[in-house]
Every structure is written in structure tokens, then in C-alpha cells.
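In what follows, a structure is listed as C-alpha cells, so that the remarks can point back to it.
Quick note: the coordinates plus some simple rules give every number you see, no bench work behind them. Computed from a prediction, not measured in an experiment: that's the story for all the values here. With ideal geometry, Cβ positions are generated from the backbone for all residues, glycine too; neighbour counts draw on all protein chains shown.
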Amino acid sequence: MFRAPEFTHPMPSLPLPNPEIWGGIECSVNRIEDRYFDQLLKNGHQTRIQDLEKIAQLGIQTIRYPVLWERIAPTDPSQQDWSWTDERLQFLKDIGMNPIVGLLHHGSGPAYCTFDQLHFPEQFARFARNVAERYPWVTLYNPINEPLTTARFAGLYGHWYPHRRDDAGFCRILINQCKGIVLAMQQIRQIQPAAKLVQTEDLGITYSTKELQYQADFDNIRRWLGYDLLCGFVDDKHPLWNYLLDSGITPEELYFFLENTCPPDILGLDYYLTSERYLDHEINKYPSFLVGGNGRHQYVDIEAVRAPVEMAGGEKLLLEAWERYAIPLAVTEVHLGCTREEQMRWFYQAWQTGQKLIAKGVDFRAITAWASLGSFDWNTLLTREVGYYEPGLFDVRSSEPRPTALSFLVKQLLTDQTAVPSVVHEPGWWQRSPDAALSHSVTRKPLLIFTNSQAMQVAFATICEERGLANHILSSQLVIDSSQLWELFRLYKPWGVILATEEKSQTHLNLLSSGTNFHLHDISLLVKACQENAVPLLAFSNDFVFDGTKGAPYHEQDPVSPACDSGISKVAAENMILQNLSQALVVRTGALLNPWHAKDFIQLTFEKFTRQESFSIPDHLRFSPSYLPELIHQSLDLFLDQAYGIWHLSNRGEISWAEFTKGIAFQAGFDKKSVDYWYLRQKETFAELTPRSTALTSTKASLMTDIDHALASFWQASSHRYLSV
């Protein structure tokens, strides 16, 4: 494989013993056809300058920050609006936070000058000079984010504008961006000679089946091409010289980079779990929409973590970059779209990688808490606006960004590294064998889960196993007295306690099976044990605390109005917990949609439909369901985030029991005409009864999906059980 020639670069002062932690706000402004998708509008930072202070309060002193061409001069280069940027850069300066200024982030440039046009580099450089003249104190620049990745997505795969799907499109976009970076830094340094280039790029590697090794070898050379151009490595001996010429790039364009070398001052390497790829020629194993090719072979390109291959990992790939370029390194994007503890594990392992590299003598500067405010729609590679959100240091689905467990981890790493949560020391899902059972050894700090509900036992056991969370589940019968409870705390040393109890009631039509009651006395013992052992508590309540007469969905601040014994019991439990443990988290749910339950209301309903028997389901009683797997996931995330007080977690919207039955019957494929007729009869039967609704909503955050999504997920997960009868 080609190895870059020796390259002399002034070495900076020695790095700190531990890497710094930088921040970064996802700010992509990518173009799809003639539409621009703007992350700053989606995450709300457009109108919240105070976000910057929240990030700074974690101890972060450097932040990747947008000064984007498309936002400042979107329609005419002579019409530039700097007001938003002026205010924010001055704010950063005032609070002592150092910005790494980005000028183009997965963008193609404004409509009058896109990056597939030959005049792009010069116009981009003029904009860069305008930035430097306006903010001469700025010294760190990332003119164009991930130029090679952007060229692949826009020029080779057709995801983004100009939606090219050929080598010529890829090479033109890459060359124009790299030339734009060189010219931009030349202009910037005329204004600020101390300006440094922090050049970001995805840190990837490709593996393959034997038949596709030639393509993997090519990809593994191409991944360095952007850096090679900037460093002046691409001459006629470079393995991609002829490829570039064959793709329409002239020798003169390549000579430009040899005559105007612009090596980065810091290599900003963005390493994701999806950065390592695997090419498989056995396309029959995969859905047809995954199949692509190179004109010679058809194949699929999937994440290596899901393939039968040993991954290199971030440390090895960073060492490879260090050995190739001998330039200081930083990981400029660290993010994992997953459950909260997995996000923490991914970040903590990146931190540990930085420590190991420093110990080996690598000039490693920082890891970056990328997407500090989270990101939207990256599950579609920003090709569709579906509202899919992945939280970061903060979750912006509240009225004000809410700190997540990741923000607490960052603050701990920057202050007291010995205080990091125990869950970060467990392997991530990408490191666990799918067949390995989760150890329940008392040497691991578990969750202690108290429940009298078989459904909750199954749900927590399943999801904790899935998330790599050690747990110990106890039924209410096991809590006999305080001494036994204290012994459990001493033995297991839990990091958290969960209380999930249910009482029998017809209100929820037995969607969730119930066991024996967990008495208020037991709850008081548990609360006292949590108090004295400084262990946080998550408890579940439900919509029984309301009588359904409000006429609108109930939110967390509404006064309780229980109309049944179960509701009275729930209110008493809530009060007992929150009066004695103010930092406890109490989650109220709607009727639980349980995909694991063996015999329930839905099963009985299906039997009635199948036998064409008449039966009635209330149409005047309305509610918000809580899809059980989603509920458990969101509750655990909130618990890890140190949320407290009362939270409502139900799927968005409301539905009557008859409407719910109709929706499930449609999902099951029952005759639509018959189901519609049955539903019409229910509306007539219950028309004279006073409507009641215990539907829930939240003023704190909208975390759950809507009812249609919940019903579809429920049916997908449980249809095999119902249809097998």
C-alpha cells in the first residue's frame, strides 16, 4: 500500500496528560434537489444563544462552531447578513470559549456557487477572507467539513446535491473543495497569520469478501485522498494519479496542490461505529435496496460491526493516521445514536483511546462531544426530514435543552475521573457476543428492580439484557422486613432502584397482568433504604390518578383526581416517594401495550373476530397507550439522565378502546368492511354515555412516538403470537 513520503511539520507544545474535550454543534446545511436542510433550525440553536453557556459550564473551552456561507450569503455574495454570527461569536469570546470556525458543513455552497462549479474555490476563498476580516481574533478554522465524505455522498452515491453517481462527479467535488480549503487558508492567514487549519474527515476503513478485495484496497487508498492533496502527496507516483486524470481532473489542477501545500495543523478525525465498512458480494443474503456495485461486481456495503470480520477500532486507525502524516490528532466527532449508557460507553472509550495514544507518544489533542445538542435525521443520511432525533450532551425535545447523562460524564472527566458511572465500564453492544448471557454477578453494580408484575419482569429482564445493564429482579414477596432490604443493598450495591407495581383493574382491560399488591409500607421501607444508601429511585405510576373529566389530555402539573381504589393507591405511593425522596423519578404511563404477554384483552378480541361473535368495547373511554418496550427504554434513559419528579410517558395522541381494537384488527388483516361495521356499532352503543379521557401529555418533553407508530411497532413485535392461535 502507498505510504506518504516523509513530511516535516512544526511540532506544537506537548499535549496535556489527558485529552481535552471539545464541543460541537451539528450544523449541517445540506441540499436535496432544491431544498436546504438546516440542523440549526431543527435543534433550536438558531434562537437559543444560551446553549453556548450551558456547554461552557461543563468545562468545555473549545467548540466547533458554524459561520456558514449558505446562511450568511444565501442568494447573493454582495448581500451578507452577519447579525446572528456577530452576536454568537462575541458571546463565545466573552465567556472565554475558543471557536473552531466552520464555513461549509456538508453543504454544496449557496445556489449561485455550488461546489461542482469551477469557480467555487475562488468564491469560497473570498467568503473566508470576509470572515477573517470580521473576526480577526479567531485562530482555529475548519473551512470545509469532511470534504471527501461529502464528495462521496454528493458525487458518488447521489444522496446530496448535485446527486451525481460517478467517479467524475466525486473527483470534481473533492478537488474543488480541497482547492477551496487551500485558497481559504491563504486568505485567512493574510489577515491572521497565526490561523491554524483543523481539517476534519471520517476515519474509516473497508473490509470485504475475497472476491471484492480489489475494491476494498481501492477504498482504503481513496480514504486518505483529501489529506494527501492538502499535504502535497499527490504526484504522478501516487496510486490515484491516473484515476484522477481518468475522472476528468487535469494535471494542472493536481500540480496546484504540489505548489500550494496546506498541511493541516490538526487532523480532525471523525470516528463512528459505522466508519468501518464491509463489502459482501453475496447479495442474496440482503434486502434488494442495499445492493449496489462498481460496474464489475454487485455487492452490499454494510457496517463492519454487523459483519464476520475483526474491526480495527479507533486506536489502531488513529495510529495509522499518525504514522502516515505525523500531524497532531484530534477526534473531532464522537457520537453514537443509541441508548444512553451505550452513548456513554462509546464516549468513555474514545477518552480512553486518547489517553492510550498520549501514553504512546502520539500528539493527541482532544476528543469532541459532537452533536452537543443532538442531531436530526442522520438515520436517513439527511436525505429525508422524518424528525428522527438522537440526543447529545443535551436533549432539545424539552422547552429548554435538558442535560443528559453524557453531559454529566463529560463534566466528570474534566474534573474527577474517579466518579464516572459504573455503567460506562461495561462493554458496548458492539463488543458483546450476541450469544453471551449478561452476567448477574454481585461484583457488577446492578439495578435492583422490585415488581409484582410478570409483564414488567419480562420487560426489564429483556431490555436490560439488550442494553448490557446488570440487574436483579425481586417480587414484592421477597421484601419481608427492613433488615432483609438493607442486606440486599449491602450485597448488590445497586447504582439504582426501580419500583414497578400494578393493581388489578378493569380500567385498562387487563392489557397488563397483575400480581399481588405492593403495600405502602413496603414502599416506605424502600424509600428509606434509597435515602440512607444514596441510591436513586425510579418508580412507575399511571393514568389511574385522573378521573378522565378534564376534557383534554392531562399533563404533569394537573391536580390528581383518582376515581378508583387503584388510583387512590397510586396517588398515595407518589406522595410517599416524592415527599421523602425529592430527587426520585416517577413515571406515569397509559395502558401498556405489551408485546410479550401471552393471554390478554387483544387475544380475546381476536378470538371473537375470528369466530364472528358479537362483543362490545367502550368507545366513550379514551386513553393514551404506552408501548412497553419504548416506555422502558425512555424511562431508563431519563433515569440515567438524573431526571426527577413526575414525568408522563405515553405515546402521543389519544384513542378510544374501540378505535384501538379497530386499529389492531386492521393490522391483523381482518376484513375491513366487517371491522368498520363492528366499530360503527360500538359508536352507536356508547353514544349516550359521557365521554371520559385519561389521555396523557407532557409539558416536560415529547419523548415517545405517536400512537400509529406504537400500534405498528406493537403489531410487528407480537403478531406471530396472535396469528398463531
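A few comments on the model shown:
- For Leu578, net neighbour charge (Lys/Arg +1, Asp/Glu -1) across residues whose Cβ lies under 13 Å away: 0
- For the chain, averaging the sequence separation of C-alpha pairs within contact (under 8 Å, six or more residues apart) and dividing by the residue count gives a relative contact order of 10 percent.
- For Gly496, the residues whose modelled amide H falls within less than 5 Å of its own, excluding neighbours fewer than 5 places apart on the same chain, are Leu448.
- Enclosing the Cα atoms of the range 62-173 in their convex hull gives a volume equal to 94 cubic angstrom per residue.
- Put simply, the amide H of Thr200, placed in the peptide plane, has neighbours under 5 Å in Glu146, Gly268, leaving out anything fewer than 5 places away on its chain.
- The phi-based Karplus calculation (6.51 cos²θ - 1.76 cosθ + 1.60; θ = phi - 60°) puts the 3J(HN,Hα) values of the range 47-62 at 10, 10, 5, 5, 4, 5, 5, 4, 5, 5, 5, 6, x, 6, 10, 10 Hz, whole numbers, x for Gly and Pro.
- Between 0 and 90°, nearest 10: helix 454-467 axis offset from the chain longest Cα axis: 10 degrees
- The trypsin sites (Lys or Arg not before Pro) of the range 203-284 meeting both criteria, a DSSP state outside H, G, I, E and B (loop) and at most 16 other C-beta atoms within 10 angstrom of the site's C-beta, are Lys237.
- Phi-based couplings in Hz for the range 388-402 (Karplus 6.51, -1.76, 1.60; Gly and Pro marked x): 6, 10, 10, x, x, 4, 10, 10, 8, 7, 9, 4, 10, x, 9
- Near Ala304, once Lys and Arg are set to +1 and Asp and Glu to -1 for all other residues with Cβ below 11 Å from its Cβ, the sum equals -3.
- Sorted by Cβ density within 10 Å, fewest first, the residues Val535, Val586, Val291: Val291, Val535, Val586
- Placed amide H near Val586: partners under 5 Å, 5+ positions off or other chain: Ala539, Gly645, Ile646, Trp647
- Net charge of neighbours whose Cβ lies under 10 Å from the Cβ of His633, counting Lys and Arg as +1 and Asp and Glu as -1: -1
- Dividing the mean sequence gap of close Cα pairs (under 8 Å, 6+ apart) by how many residues the range 437-723 holds gives a relative contact order of 20 percent.
- Neighbour counting of Cβ atoms within 10 Å sorts the residues Lys673, Lys316, Lys662, fewest neighbours leading, into Lys673, Lys316, Lys662.
- Length gained on full extension, Leu474 to His519: 14.7 nm, using 0.36 nm per residue less the C-alpha separation.
- To the nearest ten degrees, helix 340-359 and the longest principal axis of the Cα atoms of the chain are 30 degrees apart.
- Ranked Ser422, Ser247, Ser108, criterion: other C-beta atoms within 10 Å, fewest first: Ser422, Ser247, Ser108
- Three-way shape label, the range 269-343, alpha-carbon gyration tensor, a/c 1.5: oblate
- Antiparallel bridge percentage (DSSP; both residues within the range 207-356; nearest 5): 55 percent
- ³J(HN,Hα), Karplus 6.51/-1.76/1.60, whole Hz, each residue of the range 158-173, x for Gly, Pro: x, 5, 10, 4, x, 6, 7, 9, 8, 5, 4, x, 4, 5, 4, 5
- Note on Gln57/Ser702: beta-carbon distance plugged into 1/(1 + (r/R0)^6) with R0 of 35 Å gives a FRET efficiency of 0.90.
- Note on the range 437-723: Cα convex hull, mean projected area over all directions, 14.8 nm².
- For the chain, the fraction of alpha-carbon pairs in successive 20 Å shells from zero, as %: 16, 43, 31, 10, 0
- DSSP assigns beta bridges within the chain; of those with both partners inside it, close to 20 percent run antiparallel.
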